[in-house]
Amino acid sequence: MDWTPRLERVMTSSWRHFGKDHPRVVDVALTVVLLLAVSGPAVLNAGLSTTDNLTWESAIPPAVVGIMALLWRRSFPRTVVVVTALCAGVAGGFGYLITPLLLTPVMIALYELAVRVPPRTAWRFYLATTVLVLASEVLGGQGVYPWFLAVLNPILFLLLPIVLAGFTRLRQDYVAAVTARAEQAEKNREEEARHRVAEERVRIARELHDVVAHHLALANAQAGTAAYLSRNRSDHVEPILAELTVTTSAALRELKAAVGLLRHLDDHTSPLEPAPGLGQLSELTDAFASAGLDVEVVTDGEQRELPPDVDLTAYRIVQEALTNVVKHATTKTAAVRLTYGRDRLTVIVENDTGLPSPAPASRGPGFGILGMRERAESTGGRLHAGPRPEGGFTVRTELPIRP
């Protein structure tokens, strides 16, 4: 396996991080390298000057000033561009050919400026700097240098940092966009997770409410009936107590299943066990009959198999509606009508006679109707609950029958 590319990437990344963490060290090192370069007699010599009495040492002072100014390019980029351009212009005015080495401080300053300011500002500085350098070289060189060296050198080499800065800005924008998308995706995942947790809490709350409200209300009614019969007809008490045992056992089973959802945190989609449906409607009505509520069930249309969620929702709505009759009404009868349409199941639960019993002041608002409405809407249906003009109460819900 060739480790060379990987090693190069690691080294490049290390140097990049080092440069970001120690900018002053990089600036000083760059300054030292440029000072050593311009001080070499092989770089600038008397042959590149149009004046015989000027030697290469004459270009050193403006070059050194321009290079030293780079130490402040991060804090004052505009000022450093002006200073380096003036230094290059001084060298050109002395009659020296503006070589890429003399333009290096100006190029570095222009690049630093271009990555920090809008493109329009960077192009303005580029044009002003290029005009300054060209004017100084034309006036100082007196036309003795080839035009492609005297003119193209400043134009092309000063254009290079502007172009590189444009690519750098594009890369920075791309990285910023990728980072923003990643942060937004993470935020969406967190919001989705919170949404799922909230939905799960509401689902468990509904199940616990149905279990507790139904079975405890039923058990309370059965116990009250048994206490009443024990004074006059003690021979009827034993069957009711047997039904009371069945009711409390069912409550314990369903409560255990609901609490089990809280223990299995890694499984948010597991259904409650057991999951009742309209097939157990007869057992439900028998349980209410033992509490003194006679329930008449009427089915219209062709009865057929329902989707599991719709089946459970219909059962829970009937259960909660009948529980409310036991808890809040004085009537002893109730009616349940199931109407199977082509693509919709209509469930009506009503008590025809009797008036609602006043609720104790300490009871506070309940969640029965709210829970039924949430169940219906969770399957794409709708629910209406309210008093009847002739007395009693009606709960009507329509649930879609999906294939």
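Quick notes on this structure:
- Mean Cβ count within 10 Å, highest first, over the residues of peptides 327-336, 93-102, 178-187, 115-124: 93-102, 327-336, 115-124, 178-187
- Between ASP286 and ARG120, the distance separating the two model label sites (each 7 Å from Cα on the Cα→Cβ line) works out to 8.5 nm.
- Estimated FRET transfer efficiency when R0 is 45 angstrom, pair LYS332-HIS195 (beta carbons, to 0.05): 0.55
- Positive minus negative residues near ALA335 (Lys, Arg vs Asp, Glu; Cβ under 10 Å): -3
- Placing a label point 7 Å from the Cα of VAL65 along the Cα-to-Cβ direction, the residues of the range 78-102 whose backbone N falls under 11 Å of that point are 83-91.
- Once the chain from GLN172 to VAL131 is taken as fully extended at 0.36 nm per residue, the excess over their C-alpha distance is 11.8 nm.
- The listed peptides 371-381, 299-309, ordered by packing as a protection proxy, come out as 371-381, 299-309 (highest mean of other Cβ atoms within 10 Å first).
- FRET efficiency, 1/(1 + (r/R0)^6) with R0 60 Å, evaluated for LYS187 and LEU152 via beta carbons: 0.70
- Residue-wise HN-Hα couplings along the range 121-127, as the Karplus relation 6.51 cos²θ - 1.76 cosθ + 1.60 with θ = phi - 60° gives them from phi, are 5, 4, 5, 5, 5, 4, 5 Hz; Gly and Pro carry x.
Bear in mind that the values in this text are calculations on the coordinates, not laboratory data. Just so we're clear, the structure is a prediction, and the values are computed from it rather than from any experiment. Every residue, glycine as well, gets a Cβ built from its backbone with ideal geometry; the counts of neighbours run over all protein chains shown.
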